[in-house]
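Here's the structure we're looking at; comments come further down.
The values are calculated or read from the model by the stated rules, or taken from the named source; none is laboratory data. Because the structure is a prediction, the values reported are computed rather than measured. In this analysis, Cβ positions are derived from the backbone assuming ideal geometry, glycine residues included, and neighbour counts consider all displayed protein chains. Each accessible area value is taken on the protein alone, full model and side chains, heavy atoms only, with ligands, DNA and RNA left out. Shrake-Rupley method; radii C 1.70, N 1.55, O 1.52, S 1.80 Å.
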Amino acid sequence: MALLKLEDLHVHFPIRSGVFKRIVGHVKAVNGVSLELKSGETYGLVGESGSGKTTTGRAVIGLNEITSGKVFYAGKNLIEKKRTKELRREIQMIFQDPYSSLNPKKRVLDIIAEPLRNFESLTKQEEQKRVQQLLSQVGLSQKSIAKYPHEFSGGQRQRIGIARAIALQPKLIIADEPVSALDVSVQAQVLNFMKDLQKELNLTYLLISHDLGIIRHMCDRIGIMYKGRLVEEATAKEIYENPQHIYTKRLISSIPDIDPKNRGKMMALREEVKRDFDEKYNQYFDENGLAYDLKAIAADHFAALPGEGQ
Amino acid sequence: MEHSGFRILWREIVRDKLALISLIFFMMMVAFVFGISLFLDESEIVTVDLFAIHEPPSSQFWLGTDYGGRDVFGQLIIGTRNSLSIGILVTLISGIVGITMGVVSGYFGGTVDNILMRILDFFMILPTLMIVIVFVSIVPNYGVMSFSLIMSVFLWMGIARLIRSKALQEKELDYVNASKTAGSSHLKIIFKQVLPNISSLIIVTMTLNLAANIGLESGLSFLGFGFPESTPSLGTLVSYARNPQTLEYRWWIWLPASLLILILMLSINNVGQALKRATDAKQRRG
């Protein structure tokens, strides 16, 4: 059974204007997204800025209100029932910005122990022990416990954020661009560490990113989002080798090739894909510019192709 | 700002000699006034003594006597204590109300913010002076506490607005979201996460407010709406100067009190300005 299942998720933000702040329209940040996460896998949500990938993640954890649709976590509907304590502790989040996501006035001990204090009644010694254990798990020294966030580098800060996220032994972690604020050299370090942790704790990741390299490195399955809707969903291999939707094709063609010999070829390819995209745009998107519903192409490959088939 | 906010504030005061001297002076003044007033008999000081009217300063009456033969030095000490108490109480009460309203309003935003800000607007348009004067005339015997309370009703709005704007900024930061996903309640987030991040702003505002609030009572007493003569304060002493005879020939009654008000307000203001500089890295001297 799927660990997390989204069914026709909508998150709309009202646009207010005028003297009386009347609602004059909606920004449909997430406009009918359905997806499934199996236990233990890493699902990558990719898309350009404003495609609704972050909003989807935040809606799952409850930071954004869901307009309509269903979110099932381990078979339980998260919307109908109030999120119980048990459910809350099983879904945690890693934030994008390691600078603003740690309270500058709090010591590392207080930051990592915050979820523990809310969900478990530990004595001071037990709490300290748990935090030290978590710190060694994320590869930080025991001395860090009494330090303040500004004494750490970006990568170390992100590890503190990860330690906080895994403190309650969650099953699902929503990682919202976990490394986009870090140097490339540190990115790999944090990502590999997240992978190790996944094996160790049997975590399921919902990885949100715009970086196709990271997604390819990390994910088992990938969903491509565009204008609040999924345009294609498949295994990582399928997406990179056999993209079906023109938007996916264009996205994949934009990955730079490291070999300068291919420069001309890549440029020609990109030109071609762009032409294709401009020509067939109306064919692939309906009159409102939205992607069609996903259709099964293969066993594990879905794409939002127009009605008449491929 | 970083965790060492308090240390930065302290360092700025130490680097600014004037602020340091002002702080030491103010602390000593507070200790002195509250200490001495313990040994003074207030009822004896305010008792009229017809045989000692308008005495100039002497070894018996260090600062002479007023038109009721009351010792001015004793009145000065007790008056300073009363004025300081009012200043501190008003700052604390209006500060606590203002901070709570501001931080709740800013943190929740939306409808809560709208309602609280309209309540605030209502208090802003009240004619403060008129209501205080009416209050003073209808309440038969009021003292330091009731005076502080009525003044606080009209003084919490400024700090509430300031704190609200800062809280609006803070709540957008991810650490607030992180606390939410960690299962902390709104109350916990407001007071344990957001409030420490605006603490330096609170300290600066409260200090500058204190300087203003010490002069508050004096102003009203001078206009004749402050304390009665049976409750000495800096304001009642200064208001004796409304009599031209006293103003011209009996300086010892009003001059010490006037100077004390000036010095107290100045010294607190010096400290406040140093603290204010400390919150802006570009202006720091330390």
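Summarised as an ellipsoid, segment B:140-200 has semi-axes of 34, 13, 8 Å, derived from the eigenvalues of the Cα gyration tensor scaled by 5 and square-rooted, with the largest first. Normalised by 2.2 N^0.38 Å, where N counts its residues, the alpha-carbon radius of gyration of segment A:55-149 equals 1.29.
For A:L269, put the label point 7 Å out on the Cα→Cβ axis and report which residues of segment A:228-242 keep their amide N under 13 Å from it. Flagged as within label range: A:240-242. Between A and B, roughly 1900 Å² of accessible area is buried in total, ligands, DNA and RNA not counted and the probe set to 1.4 Å.
For the segment A:89-100, counting C-beta atoms of other chains within 10 Å of every residue's C-beta and taking the mean gives 3. Across all Cα pairs in segment B:5-278, the calculated P(r) in 10 Å bins from zero up to the longest distance comes to 7, 24, 28, 22, 12, 5, 2, 0 percent per bin. Rolling a 1.4 Å probe over the protein heavy atoms gives segment B:2-144 an accessible area of 53 Å² per residue. Using a probe of 1.4 Å, the accessible surface attributed to A:T235 totals some 40 Å² when neighbouring protein chains are kept in position.
Per residue, how large is the accessible surface of segment A:135-245? Use a 1.4 angstrom probe and give square angstrom. Write down the numbers at each step before the final one.
Values: 4060 Å² over 111 residues.
Here the per-residue accessible area is 37 Å².
The fraction of Cα-Cα pairs per 10 angstrom bin, counted from 0 for segment B:27-162, comes to 11, 27, 26, 19, 11, 5, 1 percent, rounded to whole percents.
Of the three principal axes defined by the Cα atoms of the protein assembly as shown, the extents in descending order read 113, 55, 49 Å.
So, taking all protein chains as they sit and a 1.4 Å probe, how much accessible area belongs to A:K237, in Å² rounded to tens? A:K237 exposes around 140 Å² with every protein chain in place.
With 0.36 nm allotted per residue and the present C-alpha distance subtracted, the B:L20-B:N141 stretch has 39.6 nm of extension available.
Heavy atoms only, 1.4 Å probe, whole protein assembly: order B:I115, B:I261, A:I174 by accessible area, highest first.
Details: B:I115 100, B:I261 25, A:I174 0 Å².
Result, largest first: B:I115, B:I261, A:I174.
Centroid-to-centroid, using Cα positions, segment B:84-125 and segment A:92-111 are 29 Å apart. Within segment B:231-285, the trypsin sites (Lys or Arg not before Pro) that combine a DSSP coil assignment with at most 10 other C-beta atoms in a 10 angstrom radius are B:K282.
Principal axis analysis of the Cα atoms in segment A:134-290 yields extents of 59, 36, 27 Å, listed in decreasing size.
Summarising the amide proton neighbourhood of A:L3: residues at separation of 5 or more, or on other chains, whose placed amide H is nearer than 5 Å comprise A:L37, A:K38, A:S39. With a Förster radius of 51 Å applied to the C-beta separation of A:Q142 and A:E48, the computed FRET efficiency comes to 0.75.
Each pair of Cα atoms in chain A enters the Kirkwood radius, and Stokes-Einstein at 25 °C and 0.890 mPa s then converts it into a translational diffusion coefficient of 117 µm²/s. If R0 is 25 Å, the Cβ-Cβ spacing of A:Q133 and A:A188 corresponds to a FRET efficiency of close to 0.50.
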